[in-house]
1. Which of (1) assigned to a loop (DSSP other than H, G, I, E, B); (2) among the hydrophobic types (A, V, I, L, M, F, W, C); (3) buried (at least 19 other Cβ atoms within 10 Å of the Cβ) does residue 164 not meet, given it meets every other one?
2. Quick one: which residue in 600, 533 is assigned to a helix (DSSP H, G or I) and either under 29 Å from residue 480 (Cα atoms) or not assigned by TED's automatic domain parsing to the domain that holds residue 311 (or both)?
3. Looking at the range 507-521 only, could you name the residues that are in a loop (DSSP other than H, G, I, E, B) and either surrounded by fewer than 23 Cβ atoms within 10 Å (Cβ to Cβ) or modelled with pLDDT under 95 (or both)?
4. Against the condition in a loop (DSSP other than H, G, I, E, B) and either hydrophobic (A, V, I, L, M, F, W, C) or not assigned by TED's automatic domain parsing to the domain that holds residue 505 (or both), how does residue 564 come out, does it pass?
5. Show me the helices (runs of 4 or more DSSP H) found entirely inside the range 431-496 where at least 1 residues are within 23 Å of residue 164 (Cβ to Cβ) and at pLDDT 95 or above.
6. If residue 380 meets every condition in (1) in a loop (DSSP other than H, G, I, E, B); (2) crowded, with 23+ Cβ neighbours inside 10 Å; (3) not assigned by TED's automatic domain parsing to the domain that holds residue 212 apart from one, which number is that one?
7. Quick check on my filter: what residues within the range 265-303 are within 30 Å of residue 209 (Cβ to Cβ) and surrounded by fewer than 15 Cβ atoms within 10 Å (Cβ to Cβ)?
8. Being part of a loop (DSSP other than H, G, I, E, B) and in contact with a Gly (Cβ under 9 Å, 6 or more places away or on another chain) is true for just one of 235, 225, 198. Which residue is that?
Amino acid sequence: RPALALLIMTLPSRWIKPIIAALCLVSVAKVIAQDYGVEEDISQSCKNNNIRSSTTSSTQGKSFVIRKMNGNSTATTTKTGFERMKDPLLNVASSTPLADRERLKLRGLVPSGYIPLNLNVERSMQQLRLKSSPLEKYLFLQSIQDIDERLYYAILVSHTEEVMPIVYTPTVGEACQKFSSIYRGTVRGLFISLEDAGSVRSVLDNWPHDDVSTIVVTDGERILGLGDQGVNGMGIPIGKLALYTACAGIHPSQVLPVHIDVGTNNEAFLHDPFYLGLKQPRERGPAYDSLIEEFFEASQDKFGKNVLIQFEDFGNTNAFRLLEMFQDKATTFNDDIQGTASVVLGGLIASKNMTGLELSEHTFLFAGAGEAGVGIAELIAYAITKETGMSLNDARKKIFLVDSKGLVTKARLASLQHHKLNFAHDIDDDCLDLLASVQKIKPTALIGVSAKPGTFSEVVCGEMAKMNKRPVIFALSNPTSKAECTAEEAYKWTDGRAVFASGSPFGPVTLSDRRTFIPGQGNNAYVFPGIGLGAIASGATKITQNDMLIAARALADQVKADHVSKGCVYPPLSDIRNVSTKIAAAVASSHYETGVATVLPKPSDMLSHCKSLMYNPLEFS
């Protein structure tokens, strides 16, 4: 640099200004390149890190990779040595190719042998299977995620059916209940509390990744069927976003779990010395709404107007009104209300292959009238209107709800919560329990979202079997301990004629006559990752009820004859990435038809476009 300065000083004055200007431009370009992730790397490492580069140039045998600032952006790769190994987004330990270790300063930090990813996956699975309890398995997988995210997601992608019940329901329920006791200090998301009011943007600025595309947020009030878990509910956003990555290929650097801590009404936690959240009663006043609104505004300001924000496990008091408040202001949906509805509707559409009934030919009875039940009921009614052209009010007349006080009727209007009013029908009899309601309504489909085990008793299931050749019985409450009945009970009590699905997984059931059934799991993971990927692919400004119907139809289309022959109304979870991609393509295409897409021009091949956005931890040699 001194020599360059002396050289410039010897030049004619008319040349100096242009040269200085050029040098300034080079400096600015260098700064911009650093900001956009221009990194010195070698081609093999790019491949191994699953970096999809938008620009690659060669200078003296070296490659420079510019990170794409969109759905495929990845963590930077400038870190080397011990610092690199501490970053779970970059560390691949013994799977680092031998040729790369010198340049990355990893020699001596890992054993000298090279173990390809597929063998590391199988070694990890062997270790996992030695663990004695589901929670131990959950913690083991978390420990892998803490040090090597690519290995973690490679396990989820290649062994989806085996590990999904560990990563999410039912095991995540126990993990949430014990979250404060098993917390290890690993940064897995952001905690925003009432004490952060007025400073939420500053909290978001502490997150290390600026290209977040997908946020899952909870306030912990209604975690699965377990009730108020306060800050312990953070396990749900963490688990959901792991499935966004595993099932729909959203890059792990682009997902953000968030917990909004407004206190808890769980007395045990308020007196637990290890509880990590605010030890105060749950806030329900203006301060609550103000914090939620500030969070939405700050998230859109930092991550972009169309960042996807998924509501998760909010209580009935807030779930419906918050969805109504923000659904036209942000790209958002509530998975408990809408995602659950979509996956259940998909199973009901697919059940036609067994019952022979169209949606409009069913009579539906719900055990449970909370956000999940009403969300499913509303989507079924909406689907019936699209199927038949009948009015929404007429479609709702085919759907009945039973809550803790019995059948929801107009005689109870004065005391009904707002979200139940559309399904309060003119019925004279006082049906105070589920059995009386079954006998009165004579439903063709019984859907459980009550979180009360044993609700679908032998007598109730027997009544359903008397009335229907193929009774539809969906016991959807999570976790398994909260299911209205087991798969074995449903098949046994209906002589194997039930069309059964559950919220948590059940294994194959063989009856005394040797008939074997494979129960379907109405797992939200069938739809929410695809809906999210579709929104990202189109740059959607909002997510609508119609998107949920499109996702349900796309899901049902993937239930093949061999699945039906085994009594299953859902495709195998082992095919979840293909399922998600097809749902994403269908949903994204609809966004262009409804005018909410912002990624222009519209891709000519939507399925290929969605696939191109997906991170795949298995894509390297």
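1. All conditions pass for residue 164, except number (1).
2. Working: 600 fails: assigned to a helix (DSSP H, G or I).
Only one candidate qualifies: 533.
3. First, the residues of the range 507-521 that are in a loop (DSSP other than H, G, I, E, B): 507-508, 511-515, 518-519.
Within the range 507-521, 507, 508, 511, 512, 513, 514, 515, 518 qualify.
4. On the way: in a loop (DSSP other than H, G, I, E, B): no; either hydrophobic (A, V, I, L, M, F, W, C) or not assigned by TED's automatic domain parsing to the domain that holds residue 505 (or both): yes.
Spelling it out, it is not the case that residue 564 is in a loop (DSSP other than H, G, I, E, B) and either hydrophobic (A, V, I, L, M, F, W, C) or not assigned by TED's automatic domain parsing to the domain that holds residue 505 (or both).
5. Working: elements: 434-441, 458-467, 487-493.
In the range 431-496, 487-493 are the helices (runs of 4 or more DSSP H) which contain 1 or more residues that are within 23 Å of residue 164 (Cβ to Cβ) and at pLDDT 95 or above.
6. (1)
7. 274, 287, 290, 297, 301
8. Details: 235 fails: part of a loop (DSSP other than H, G, I, E, B); 198 fails: in contact with a Gly (Cβ under 9 Å, 6 or more places away or on another chain).
Answer to the selection: 225.
The values are calculated or read from the model by the stated rules, or taken from the named source; none is laboratory data. Bear in mind that the values here come from a model prediction, so they are computed numbers and not experimental data. Using ideal geometry, Cβ is built from the backbone for each residue, glycine included, and neighbour counts are taken over all protein chains shown.
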